[in-house]
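J.: One structure follows; several queries about it will come next.
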Amino acid sequence: LDDVDIDEDENEEEAAKARKEQGLYADLPPPPTAAASLLYTSPAQLSDLTDAVLAPHLEHFTQSTSSSTSTAGAGAAEWKIHANAAKFSRLLDERYGPLRPLVDRYPQIERGIRNLQRKYARGELSPLRGGDPPLPQSTAIIVLFMMQRNGVRWEVLGLAATFLLVGLQPWALVVLVSGGHRWMMQRKFRRVGGMARTIVPTEPYYSVKKDGDDEIVVVGGKDLTDDEERTRRCELLRAPVGVPLDSPRGRTVAADVVASRQDEAKYDALVLGTGGVDGLYAAALLARAGKKVAVLCTSEDAAGCVAADAAGDGSGSTIGPQWDGVPFDVASNDLSAISRQQTLLAPALATTTDAQGGIRFARVGSGADGYAHTVLSIPGVGADNHSDAAPFVLHAGGVASVAEEAATVLGDGYPSSDGVGAGDSTSLQYLNFCNVVNDTAARYYLSKLLPDEVNKMRNAGAYQSAGIRYAAGYLDKLVPLHGHVRSLLAGMGCRDENLRPAQLSMAAHVSNVSALCSPEGMCYPVGGPRALSKALESVVVQNGGVVLTGVSMKEFIFEEEEEEATKGSAEKSSAKTTGDDDKKKKKKVPAPQCIGVTLGDGREIHVREEGAVVSMLGFIPTFAHLLNPDVRTKHGVPRGLPALSERRPLLKILIGLNGTADDLSITGADWYRLPNASRAFDESDPTTGEVKLGEIGMGPGSGEADADDAGEGDVVSAVETTETGEGADNAARRGKHSKKTSGR
């Protein structure tokens, strides 16, 4: 057959007539005519070809033929069969080329391709759905409206609209969601600004030091015993965090930091703080991002601690040498929700050997006392008179443990036995409400970094509305029938505040309440806040930064762009009025850029171009003390500043107990006496039975002067001589409360 020339233009009718005359197909049905577009491209289809077309021919040629059968006719039919097979093989090669062996071996590939072709032809692969929608258009609009009114997130609302109104196929909806999620994740991990692609590794704080040339040298306890290494680390924690500005080394460092012009600046960011972990944490994150940071701290210890001095300076101090340099906490450094806190601390603390930078946390309390971490003593709570108080102990275990303690000590209702519902517990209902509000705090603070057009599409959450309301309103509304429980919940929210609930923002209240109700209890850094601050300082220093303490700051330095005013248009035609001729566009005053800070001695510290000044000093020191009045007047008073006032000075007495906790038989729990949350005395009208709620933190008879307030008459009368009527009564109440609180 290889030597036979194939004539594809053979007259099929003449050939069929000749075969009929010879009787070749007398007993066989005529073979089906193959469609011109039929393509046999797999062994499975070739098998079908053999059964439907070739088998009848082969059966005919294998049968014995009569003498009238022409040998030439049989050869011609066999030749046609092989010609068609060759044609199919050639088309298979043209379609798949080098992939033909794969298709021959795995015929399911071709079947899958043909299935897709059929679905495409039927319109099943179109992203838009055909046929009737799942819901009528009017019903779909009502469903979307109800979803919007119930606070459904805008992205979920958009997906529902594409499915119900646009008619998106379910598979297309899945692809859209997956693509959107991938895009959002890429935005999360996108590098910000000039952030380095890789983070510079650092060594643990207890393994680095600086030699005479300020080169970082790694040291360690490889050649030391465990006791010697422990002693070395303890001695390291006796030294304050940071370099004092008035020390010889501090003056050398300050000479490098001070820059009178921005083009001379050597640092990318200035972090201003009063001492504590917050400022050092912000500086460590900036250092991890590749920035060179200078931390300026107003206190003598950037950790916020105060150390005893037993140097024997002739002051008559009887402090023993064992107390020399021992740091005392000035602020509360307990941490709640420690698992989340460690996740946030890890990016700033991670070193080459430890994801937490060598910092560990210990739970306050013990298993024997249920990890009790806080004891609240609130005047009048749990007692019959206002001067006494039943100590209320807070344990680990979350809101359920607080509710059970309130039911046992204060007579509140018990939670439901199934552990799901609040049952008759008023305190559990209120604590659950506070946790729900506090869960939206992160969303609220994130909105401060986002543009307004983005925030319009985001749900602000309950935390924002709570921030502009006082805590007393929520307490009176949600806990109206139980004065003891209401004052207890008020004390939990005022634990670290010197304000009454009527003066305290609900945002601060729910933050404090949620912290005390952490299921993990409270934790404390091993080595105290100085160990944690040392670790953060080490990250800043190893990345080229510096921490200066004892810095006095005068005011911020601003760079203002020249005011750009749109000039008046060309002279108007004589047909226009004189007022229209003089009309000009309003000048646009650009916001100033803070580029540095002026120190108390007049020296200036600038940051590099596109640098930043981060203030952790507080709202009033930042915008009232350090902000130039001319700048504040020109660009407007910051929102919220007029509503704030400086708190009264706090006197803190630090007491050192010589002995271990076991020797002294004391607990590690913090003890709080909270007169600002003293029990409100509710009054009931004997005629109508209406209950008039008293004010928390004011005590009995808050509207009139008490008999035991002798000596305060001068304060009250002095106020009353200048104010009369209702204003005088309110002023007298404020003066009396101020005097009594200061005395406590």
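J.: Which of the residues spanning the range 93-128 are open to solvent by less than 70 Å² (accessible area, probe 1.4 Å), of a type in the set (Asp, Glu) and within 29 Å of Val174 (Cβ to Cβ)?
T.: Answer for the range 93-128, where residues must be open to solvent by less than 70 Å² (accessible area, probe 1.4 Å), of a type in the set (Asp, Glu) and within 29 Å of Val174 (Cβ to Cβ): just Glu110.
J.: Pairs only if they're at least six apart or on different chains, beta carbon under 7 angstrom, first in the range 221-243 and under 24 Å from Ala302 (Cβ atoms), second open to solvent by 40 Å² or more (accessible area, probe 1.4 Å) and at pLDDT below 85; list them, first residue then second.
T.: Pairs that qualify, where the first residue is under 24 Å from Ala302 (Cβ atoms) and the partner is open to solvent by 40 Å² or more (accessible area, probe 1.4 Å) and at pLDDT below 85, are Arg232/Leu224; Pro240/Ala307.
J.: If Val143 satisfies every condition in (1) of a type in the set (A, V, I, L, M, F, W, C); (2) modelled with pLDDT of 85 or more; (3) under 24 Å from Val454 (Cβ atoms) but one, which is the exception?
T.: Val143 satisfies every listed condition except (3).
J.: Output the number of residues of the range 485-502 satisfying the condition of being modelled with pLDDT of 90 or more and open to solvent by 30 Å² or more (accessible area, probe 1.4 Å).
T.: 1
J.: Among the residues of the range 351-385 satisfying the criterion of being of a type in the set (A, V, I, L, M) and without any contact (Cβ under 8 Å) to a residue 60 or more places away in the chain, which is nearest to Pro519 (Cα to Cα)?
T.: The selected residue is Ala368.
Residue-by-condition table, conditions (1) among the aliphatic types (A, V, I, L, M); (2) within 26 Å of the chain's Cα centre (by Cα); (3) closer than 29 Å to Phe433 by Cα:
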| site | (1), (2), (3) |
| --- | --- |
| Gln356 | no, yes, no |
| Arg363 | no, yes, yes |
| Gly370 | no, no, yes |
| Ile378 | yes, no, yes |
| Ala396 | yes, yes, yes |
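J.: Can you name the residue in the range 599-619 that is open to solvent by 80 Å² or more (accessible area, probe 1.4 Å) and closer than 16 Å to Ala289 by Cα and, of all such residues, is modelled with the highest pLDDT?
T.: Result: Arg608.
J.: Among the residues of the range 104-114, which ones are over 47 Å from the mean Cα position of the chain (by Cα) and part of a helix (DSSP H, G or I)?
T.: Of everything in the range 104-114, those that are over 47 Å from the mean Cα position of the chain (by Cα) and part of a helix (DSSP H, G or I) turn out to be Asp104, Arg105, Pro107, Gln108, Ile109, Glu110, Arg111, Arg114.
J.: I've got another one for you. Is the range 286-304 home to any residue that is surrounded by fewer than 17 Cβ atoms within 10 Å (Cβ to Cβ), in contact with a helix residue (DSSP H, G or I) (Cβ under 9 Å, 6 or more places away or on another chain) and farther than 20 Å from Ile595 by Cα?
T.: Within the range 286-304, not a single residue is surrounded by fewer than 17 Cβ atoms within 10 Å (Cβ to Cβ), in contact with a helix residue (DSSP H, G or I) (Cβ under 9 Å, 6 or more places away or on another chain) and farther than 20 Å from Ile595 by Cα.
J.: Against the definition (modelled with pLDDT under 85 and open to solvent by 50 Å² or more (accessible area, probe 1.4 Å)), how does Leu478 come out, yes or no?
T.: In short, no.
J.: Pick from the range 620-644 the residues that are assigned to a loop (DSSP other than H, G, I, E, B) and without any contact (Cβ under 8 Å) to a residue 24 or more places away in the chain: which of them is surrounded by the fewest Cβ atoms within 10 Å (Cβ to Cβ)?
T.: Only one residue tops the list, namely Arg639.
J.: With Asp670, Asp685, Asp630 as the choices, which residue is modelled with pLDDT of 75 or more, more than 30 Å from Ser332 (Cβ to Cβ) and within 37 Å of the chain's Cα centre (by Cα)?
T.: Asp630
J.: To continue, here is another question. Residues of the range 144-185 being of a type in the set (D, E, K, R), open to solvent by less than 70 Å² (accessible area, probe 1.4 Å) and either touching a Lys or Arg at 6+ places or on another chain (Cβ under 7 Å) or more than 27 Å from Gly130 (Cβ to Cβ) (or both), which ones?
T.: None; the set is empty.
J.: Do any residues in the range 542-558 that are open to solvent by 40 Å² or more (accessible area, probe 1.4 Å) and part of a loop (DSSP other than H, G, I, E, B) have Cβ atoms under 8 Å from those of residues that are at pLDDT below 90 and not small (Gly, Ala, Ser), where the two are at least six apart or on different chains, and which pairs are they?
T.: Every condition considered, the pairs that remain are Ser552/Asp601.
Residues checked against (1) modelled with pLDDT under 85; (2) in a helix (DSSP H, G or I):
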position	(1), (2)
Val192	yes, no
Val217	yes, no
Lys222	yes, no
Arg233	yes, yes
Arg251	no, yes
Asp263	yes, yes
Leu270	no, no
Tyr281	no, yes
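J.: Across the range 645-669, which residue is farthest from Ile468 (Cα to Cα) among those that are aliphatic (A, V, I, L, M) and in a loop (DSSP other than H, G, I, E, B)?
T.: Checked the range 645-669; the qualifying residue farthest from Ile468 (Cα to Cα) is Leu657.
J.: Quick check on my filter: what residues within the range 510-526 are part of a loop (DSSP other than H, G, I, E, B) and crowded, with 21+ Cβ neighbours inside 10 Å?
T.: Cys517, Ser518, Gly521 - these are the residues of the range 510-526 that are part of a loop (DSSP other than H, G, I, E, B) and crowded, with 21+ Cβ neighbours inside 10 Å.
J.: Considering each of Ala383, Ala362 in turn, give the residue that is open to solvent by less than 30 Å² (accessible area, probe 1.4 Å) and out of contact with any Ser or Thr (no Cβ under 6 Å at 6 or more places or on another chain).
T.: Going through Ala383, Ala362 in turn, just one is open to solvent by less than 30 Å² (accessible area, probe 1.4 Å) and out of contact with any Ser or Thr (no Cβ under 6 Å at 6 or more places or on another chain): Ala383.
J.: Please work out which residue is most open to solvent (accessible area, probe 1.4 Å), limiting yourself to the range 327-359 and to residues that are under 19 Å from Gly290 (Cβ atoms) and outside any loop (DSSP other than H, G, I, E, B).
T.: Of everything passing the filter in the range 327-359, Pro347 is most open to solvent (accessible area, probe 1.4 Å).
J.: Tally up the residues in the range 412-423 that are on the phi > 0 side of the Ramachandran plot and either loosely packed, with under 13 Cβ neighbours inside 10 Å or touching a residue at least 40 places away in the same chain (Cβ under 8 Å) (or both), please.
T.: 1
J.: Report, ordered by the first and then the second residue, all pairs with beta carbons closer than 7 Å, sequence separation of six or more or different chains, a first member in the range 81-103 that is under 16 Å from Ile113 (Cβ atoms), and a second member that is open to solvent by 50 Å² or more (accessible area, probe 1.4 Å) and among the charged types (D, E, K, R).
T.: Hits for this filter: Leu92/Arg100; Arg100/Asp93.
J.: Tally time: how many residues in the range 424-438 are open to solvent by 30 Å² or more (accessible area, probe 1.4 Å) and either among the aliphatic types (A, V, I, L, M) or in contact with a Gly (Cβ under 6 Å, 6 or more places away or on another chain) (or both)?
T.: Residues that pass the stated criteria total 2.
J.: Now, a different point. For the range 452-469, does any single residue satisfy the condition of being under 24 Å from Met698 (Cα atoms) and open to solvent by 40 Å² or more (accessible area, probe 1.4 Å)?
T.: Within the range 452-469, one or more residues are under 24 Å from Met698 (Cα atoms) and open to solvent by 40 Å² or more (accessible area, probe 1.4 Å).
The values are calculated or read from the model by the stated rules, or taken from the named source; none is laboratory data. Just so it is clear, the structure is predicted and the values come from calculations on it, not from any experiment. Quick reminder, even Gly has a Cβ in these numbers, built from the backbone with ideal geometry, and neighbours come from all protein chains shown. Side chains are part of the model used for accessible areas, which takes the heavy atoms of the whole protein and leaves out ligands, DNA and RNA. Shrake-Rupley method; radii C 1.70, N 1.55, O 1.52, S 1.80 Å.
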